[in-house]
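Below: one structure, written as structure tokens.
Any read-out appearing in this document is the output of simple, stated calculations on the displayed coordinates, not a laboratory observation. Please read all numbers here as calculations on a predicted model, not as lab measurements. Ideal geometry is used to build each Cβ from the backbone, glycine not excepted, and the neighbour counts take in all protein chains shown.
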Amino acid sequence: MTPLVKRLLFATDFSDCAARAEDYAVLLAEACGAGLDILHVLEFQTGMDPEYPVNQLYLEQLRKQAAGEIDVAVNRISKKVAKVTARQVLGIPSQCINEIAKETDADLVVLGTRGRTGLEHILLGSTAERVIAGAPCPVLTVRLARGTTLTAARQGAAPAIRRILAPVDFSDCSLESLEYAAHMAAQFGAAITIFHVMEPVSYSLDFTLTHAGETRANRERLESRLTELAAPLKRNGLNADVALRGGVPADSILDQEREQAYDVLVMGTHGRRGVSHLVSGSVAEAVLRRAAGPVLTVKSPKFRAAHRPN
């Protein structure tokens, strides 16, 4: 089987959340025999003069501190991953991450969703979501639940990928993300659940509620479509099941994830237009910020050749 990931880019700011993301980066690199590139971005906003003496002093201090932390990270990760490289660059984090992902031909980017400032909303808006929108490959975002320390997280179960949740809305991008999730399930010997949300009952053109019989028929139709998607996965030896529930998409996805304790949630994106209809707007924010576990986003309409079936 072709490895799911051949080269992985792990972006870190050395925060606790980034350290937890490192655990998953190492897990994936080990399982796939992939090379792992460590990236640290010295954040320096456009318009500031790096040659200004005060700024030079500030940047030099940051470089020295980061160099020490990078060396420690390389030594730690090298004990488990054979091919490890590291670098630090100056610039805007999201831009640098995406540029280097392209430069290194990365198959996957891994990063945390809350940095040292603890400003999860700002980091998601300015870094993680921009990386998801602009990266040339799938992106795995990892968070620490609010109030949870890195020590507490590591005292629990070690990172693993045994159960995968793959929400679909039957759009092309969600079906491509399902394809990626199936490859991940095969790579890790994981079970996969194909999941769809029936949105709340709607009004017909004459403003009467949709008849209960129509709702039942719609549910049966959706269950049939989900079963059809699972069938080829089962034929290929995967442990695949389906789930359907009603409600608001973001809440239903998150409820399903938490109630069934999935290890990773895989969903599709529309590239620079952002996250697909399945998780658009406030739904995307809710899923990315509130998911109990890692969220892996797959860009549509293509993903790397290494991920395609043989």
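What to note about this one:
- Under 5 Å, built H, 5+ apart or other chain: amide partners of residue 238: none
- Counting beta carbons within 10 Å around each of 102, 64 and listing the fewest first gives the order 64, 102.
- With K and R counted +1 and D and E -1, the other residues having a Cβ less than 11 Å from that of residue 92 yield a net charge of -1.
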